[in-house]
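What follows is a set of notes on a single structure, which appears directly below.
The values are calculated or read from the model by the stated rules, or taken from the named source; none is laboratory data. Everything quoted here is computed from the prediction, not taken from an experiment. Every residue, glycine as well, gets a Cβ built from its backbone with ideal geometry; the counts of neighbours run over all protein chains shown. Heavy atoms of the whole protein, side chains included, go into the accessibility calculation; ligands, DNA and RNA do not. Shrake-Rupley method; radii C 1.70, N 1.55, O 1.52, S 1.80 Å.
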Amino acid sequence: MSRFSAPRGTQDILPSATPRWQFIESKIRETCRLYGFNEIRTPTFEETELFIKHTGESTDIVNKEMYTFTSRGGQSLTLRPEGTPGTVRAYLEHNLGANLPVAKLYYLSRIFRYERPQAGRYREHNQFGVEMIGSAEPLADAEVISLAWQLFKSLGLTDIELKLNSLGGPEDRPAYRQALREYAEPILEELCPTCKERYDKNPLRMLDCKVPTCRELLANAPGPVDFLCAVCKEHFETLQKYLDSLGINYTVDPRLVRGLDYYTRTVFEFQTPHLGAQNTICGGGRYDNMIEEMGGPPTPALGFGIGLERLLLTLEGHDIELPGVPKPQVFVAALGTAAKEVTVKLLAELREAGVATETDYTGRSLKAQMKLADKYDAKIVLIIGEDEVSQGVVTLRDMLSKEQRQIPIKQVLSTVKDLL
RNA sequence: GCGGGUGUAGCUCAGUUGGUUAGAGCGUCAGGUUGUGGCCCUGAAGGCCGUGAGUUCAAGUCUCAUCACUCGCCCCA
């Protein structure tokens, strides 16, 4: 064993597991194709400032979880701790809003956060995210939520719960914030230290507190829904109507606020009952101000992120059948120098014809090679020894029926293709 | 950042009150026919007992530290 090991909170995804990853990735790509979302790939790191400004200065992500380093040129760079700011940056940099009225983007990328690792929480994780930029219509919200729902459904997950809330727009926020502060002021001394801090910096997050006493004290606090302006209210109601007609179950959770600063109006989370503390499998919402704040024209947008490790853990907890490593269809067992010369060519011919073919590379006995073929679960074994070489034939064994016959080497390909 | 649990072969785990060469099952490799798989039998390889220090005549076993994993808090995907 090497004296090195993977850094804390990172993991090797081994060949035995990659087929499962490819499986969910292919489901993701297919779902995105159906919904008309196209893939975007942005850099692994960005200017640190991008996240500070747009993920938000009051977030934990920015305050204590970023992998920040200085480049040789003296620039401060950060491994992306979430996908949205980089995607929006690319959208603006390349003027992706110019061609079509709405940009529908998706990404599969690695995300980095310096956190304490736990089941379903890593320092490097894979995330599937979607961003829909350019529509303020509730239809856009419905489409984005529907996409996530459809993905879960196509993977066989039916017990995922959707939680929904509306935080209101920039017009409603000050009044609500004020009301919340007014409510909290008399009980401020009884709240936990973090909530006291939130009172000043970001009062909304007080609703999110898990401390029992805070929960109790804030139980009757006004929710953002109570302060929605007419437009926001209608937006939220229309979205719910759409979700109803889509048959998507949801619960409105007036305390759902999420930990990123940029959200406006719709926020949502999909939760699974099977992951313990890390039960949020998908989180997202609207961020109607970010694009303008980044220097673009006022442009409404929304999106979500899905943690693939969590998604996979959920699937594995459901006994959903997941693919294993691919199997060769044919195994070629060669004995002796002359046979190997024939084999090299035969292997290439079979593969060129689209037949997955395996062989032995360690000069084992025929018995050992048969065992290997069995382990690979090959349907057909082609045996080539001195006798076969001198007669210009190969021995073809059907591993299931155990039937065995000799066929001319020229006919191998057609015979094999018939049998598969 | 805080609190609890765990750490012995590739994998899953045993290792008695500290006491000689650290065990099992699975897996791997070889043999049981001269060119033939699954079952069975035999044998072999494979272990800085996570790492470092300490206590002791003696440490896988006790103490401390450290690292990693894991569960909860926090946060989030």
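Which of A:G336, A:Q369, A:V389 sits farthest toward the positive end of the charge dipole of segment A:330-419, with +1 on the Cβ of Lys and Arg and -1 on the Cβ of Asp and Glu?
Toward the positive end, the furthest listed residue is A:Q369.
Send over a whole-number figure in Å² for the accessible area per residue of segment A:174-291, probe 1.4 Å. Write out the running numbers ahead of the final one.
Numbers: 5630 Å² over 118 residues.
Roughly 48 Å² per residue, with all protein chains present.
For segment A:230-323, with equal point scatterers placed on the C-alpha atoms only and solvent neglected, what are the log10 I(q)/I(0) values from the Debye formula at q = 0.20, 0.21, 0.22 1/Å, to two decimals?
Cα-only, vacuum Debye calculation for segment A:230-323: -1.10, -1.16, -1.20.
So between A:T415 and A:Y183, what do we pick up on full extension, going 0.36 nm a residue minus the alpha carbon distance? Please report the intermediate quantities before stating the final value.
Details: separation 232, 0.36 × 232 = 83.52 nm, distance 8.08 nm.
Extending this stretch completely gives an extra 75.4 nm.
Could you run the Karplus curve 6.51 cos²θ - 1.76 cosθ + 1.60 with θ = phi - 60° over segment A:330-337 and give me ³J(HN,Hα) per residue in whole Hz, x for Gly and Pro?
Once θ is set to phi - 60°, the couplings for segment A:330-337 become 10, 10, 9, 9, 10, 10, x, 4 Hz.
For segment A:330-419, what is the accessible area per residue in Å², given a 1.4 Å probe and the full set of protein chains? Working shown, then result.
Values: 5390 Å² over 90 residues.
With all protein chains present, segment A:330-419 gives 60 Å² per residue.
Using each residue's phi in segment A:188-201, evaluate 6.51 cos²θ - 1.76 cosθ + 1.60 at θ = phi - 60° and report the 3J(HN,Hα) Karplus result to the nearest Hz, with x for Gly and Pro.
3, 5, 8, 7, 5, x, 5, 5, 4, 5, 5, 3, 7, 7
When the Karplus curve 6.51 cos²θ - 1.76 cosθ + 1.60 is applied with θ = phi - 60°, which whole-Hz ³J(HN,Hα) does each residue of segment A:315-320 get, with x for Gly and Pro?
Rounded to whole hertz, the list is 4, 5, x, 9, 6, 7.
Would you kindly state how much longer the chain becomes between A:F4 and A:K241 on full extension, computed as 0.36 nm times their sequence separation minus their alpha carbon distance, in nm to one decimal? It would help to have the intermediate numbers written out before the result.
Values: separation 237, 0.36 × 237 = 85.32 nm, distance 5.48 nm.
Roughly 79.8 nm would be gained on extension.
What fraction of the DSSP beta bridges in segment A:330-419 is antiparallel, stated in percent and rounded to the nearest 5? Let's see the in-between values first.
Values: 9 of 17 bridges.
Approximately 55 percent, going by the DSSP bridge assignments.
I'd like the FRET efficiency for A:E39 and A:R173, computed as 1/(1 + (r/R0)^6) with the beta carbon distance as r and R0 of 35 Å, rounded to 0.05. Walk me through the numbers on the way to the answer.
Details: r = 34 Å, r/R0 = 0.96.
Using R0 = 35 Å, I get an efficiency of 0.55.
Using the Cα centre of chain A as origin and beta-carbon charges of +1 (Lys, Arg) and -1 (Asp, Glu), tell me which of A:V257, A:L400, A:P203 is placed farthest towards the positive end of the dipole.
A:L400
Have a look at A:V267, A:P85, A:L155 and report the one farthest towards the positive end of the charge dipole of chain A, computed about the Cα centre with Cβ charges (Lys/Arg +1, Asp/Glu -1).
Checking the options against the dipole of chain A, the answer is A:L155.
What's the extension gain from A:K340 to A:Q118 if we count 0.36 nm per residue and subtract their Cα-Cα distance? Present the calculation step by step, with values, prior to reporting the outcome.
Values: separation 222, 0.36 × 222 = 79.92 nm, distance 5.05 nm.
Residue separation times 0.36 nm, minus the Cα-Cα distance, leaves 74.9 nm.
So what is the diffusion coefficient of chain A in µm² per second by Stokes-Einstein at 10 °C and 1.306 mPa s, using a Kirkwood Rh over Cα pairs?
Numbers: Rh = 25.2 Å.
Translational diffusion coefficient: 63 µm²/s.
Among the lysines, select those whose C-alpha is under 29 Å from the C-alpha of A:K327, and discard any that sit fewer than 8 residues away in the same chain.
Within reach: A:K27, A:K153, A:K340, A:K345, A:K367, A:K371, A:K375, A:K379, A:K402, A:K410, A:K417.
Please compute the modelled spin-label separation between A:T70 and A:K371, points set 7 Å along Cα→Cβ, answer in nm with one decimal.
Here the answer is 6.0 nm between the modelled labels.
Could you state the per residue volume, in Å³, of the convex hull enclosing the Cα atoms of segment A:330-419?
85 Å³
So if I take the centroid of the Cα atoms in segment A:52-74 and the same for segment A:1-47, what is the distance between those two points in Å?
Taking the Cα centre of segment A:1-47 as reference, the centre of segment A:52-74 is 23 Å away.
Can you tally the net charge around A:A136? Count Lys and Arg as +1, Asp and Glu as -1, for every other residue whose Cβ sits under 11 Å from the Cβ of A:A136. Display every interim value, and only then the final one.
Working: positive: A:R265, A:R286; negative: A:E137, A:D141, A:D288.
Charge balance near A:A136 sits at -1.
How are the alpha carbon pair distances in segment A:1-89 distributed across 10 Å bins from zero to the largest one, expressed in percent?
Final binned percentages: 13, 29, 33, 23, 2.
Carbon and sulfur atoms: what percent of the 1.4 Å accessible area of segment A:223-358 do they account for?
Values: 3080 of 5970 Å².
Roughly 52 percent of what the probe reaches on segment A:223-358 is carbon or sulfur.
Show that you can apply the helix-only estimate: for chain A, add -39,500 (n - 2.57) for every DSSP H stretch of four or more residues, divide by all residues, and state [θ] at 222 nm to the nearest 500. Each step should come with its number before you reach the end.
Details: 15 runs with 155 residues, N = 420.
Helix contribution divided over all residues of chain A: -11000 deg cm²/dmol.
Run the accessible area of segment A:15-73 with a 1.4 Å probe and give the carbon-and-sulfur part as a rounded percent. Kindly include the intermediate steps, with their values, before the conclusion.
Values: 1650 of 3540 Å².
Summing carbon and sulfur atoms, their accessible area is 47 percent of the total for segment A:15-73.
Counting only residues 5 or more places away or on other chains, whose amide H sits under 5 Å from the amide H of A:F331 once H atoms are built in the peptide plane?
Here the answer is A:E358, A:I380, A:V381, A:L382, since their amide H atoms fall under 5 Å of that of A:F331.
With every protein chain kept in place and ligands, DNA and RNA left out, what is the accessible area per residue of segment A:19-94? Probe 1.4 Å, answer in Å². List each step's numbers first, then the result.
Values: 3970 Å² over 76 residues.
In whole numbers, segment A:19-94 has 52 Å² accessible per residue.
Amide H neighbours of A:I111 under 5 Å, counting only residues 5+ apart in sequence or on other chains, H built in-plane at 1.01 Å?
Counting only residues 5 or more places away or on other chains, the set is A:H125, A:N126, A:Q127.
Would you mind working out the magnitude of the charge dipole of segment A:298-362 relative to its Cα centre, with +1 at each Lys and Arg C-beta and -1 at each Asp and Glu C-beta, to the nearest 20 Debye? Display every interim value, and only then the final one.
Numbers: 5 positive and 9 negative charges, 34 e Å.
Here segment A:298-362 has a charge dipole of around 160 debye.
Could you sort A:D387, A:D360, A:D141 by accessible area so the largest value comes first, with the probe set to 1.4 Å? The partial results should precede the final answer.
Details: A:D387 100, A:D360 25, A:D141 0 Å².
From most exposed to least exposed: A:D387, A:D360, A:D141.
Just need log10 I(q)/I(0) for segment A:60-174 at q = 0.09, 0.11, 0.13, 0.23 Å⁻¹, Debye formula, equal scatterers on the alpha-carbon atoms, no solvent, rounded to two decimals.
Debye curve over Cα of segment A:60-174, log10 I(q)/I(0) at q = 0.09, 0.11, 0.13, 0.23 Å⁻¹: -0.36, -0.54, -0.76, -1.35.
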